[in-house]
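Here is the structure we will look at, set down as structure tokens.
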Amino acid sequence: IETQIFRPADVPKGQINVNVQEGLVQLRGEVPSPEMIGDLEAQVRKIQGVRDVENLLHLPGEHAQMHQ
């Protein structure tokens, strides 16, 4: 999953954590634009074996979302 989403040069690799458990992927961290939040989630959903995505990504200056 990390190989796929960190491929583009503009993705802030050191600021995003990816956790996977039984097909559930959790994305957590800070990204520079709202578009990137949606794009990263969409990319992960296309990966074989991914059942669901919990997207906790946020923009600079926003509080990080908490696990639901």
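The values are calculated or read from the model by the stated rules, or taken from the named source; none is laboratory data. Bear in mind the structure is a predicted one, so any value in this text is a computation, not a measurement. All Cβ positions, even for glycine, are placed from backbone atoms using ideal geometry, and neighbour counts span all protein chains on display. These accessible areas exclude ligands, DNA and RNA; they are computed on the full protein's heavy atoms, side chains included. Shrake-Rupley method; radii C 1.70, N 1.55, O 1.52, S 1.80 Å.
Key figures for this structure:
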{"read-out": "The chain - accessible surface per residue (Å², probe 1.4 Å)", "value": "67"}
{"read-out": "Portion, in percent, of the accessible area of the chain that falls on carbon or sulfur, probe 1.4 Å", "value": "48"}
{"read-out": "Amide H contacts of residue 53 (H built 1.01 Å from N, under 5 Å, at least 5 apart or other chain)", "value": "25"}
{"read-out": "Cα-centred dipole magnitude for the chain, charges only on beta-carbon of K, R (+1) and D, E (-1), debye, nearest 20", "value": "200"}
{"read-out": "Residue-by-residue Karplus 3J(HN,Hα) for the stretch 28-40, coefficients 6.51, -1.76, 1.60, Hz, glycine and proline x", "value": "9, x, 10, 10, x, 8, x, 4, 5, 4, x, 5, 5"}
{"read-out": "Distant-in-sequence amide H partners of residue 16 (H built 1.01 Å from N, under 5 Å)", "value": "none"}
{"read-out": "Heavy-atom accessible area ranking, 1.4 Å probe, most first, across 22, 35", "value": "22, 35"}
{"read-out": "HN-Hα J in Hz across the stretch 16-24 - Karplus 6.51, -1.76, 1.60, θ = phi - 60°, x for Gly and Pro", "value": "10, 9, 10, 10, 10, 8, 6, x, 9"}
{"read-out": "Long-range HN-HN contacts of residue 47 with modeled amide H, under 5 Å", "value": "none"}
{"read-out": "The chain shape via C-alpha gyration tensor axes, a/c threshold 1.5", "value": "oblate"}
{"read-out": "The chain, relative contact order [Cα under 8 Å, separation at least 6], %", "value": "31"}
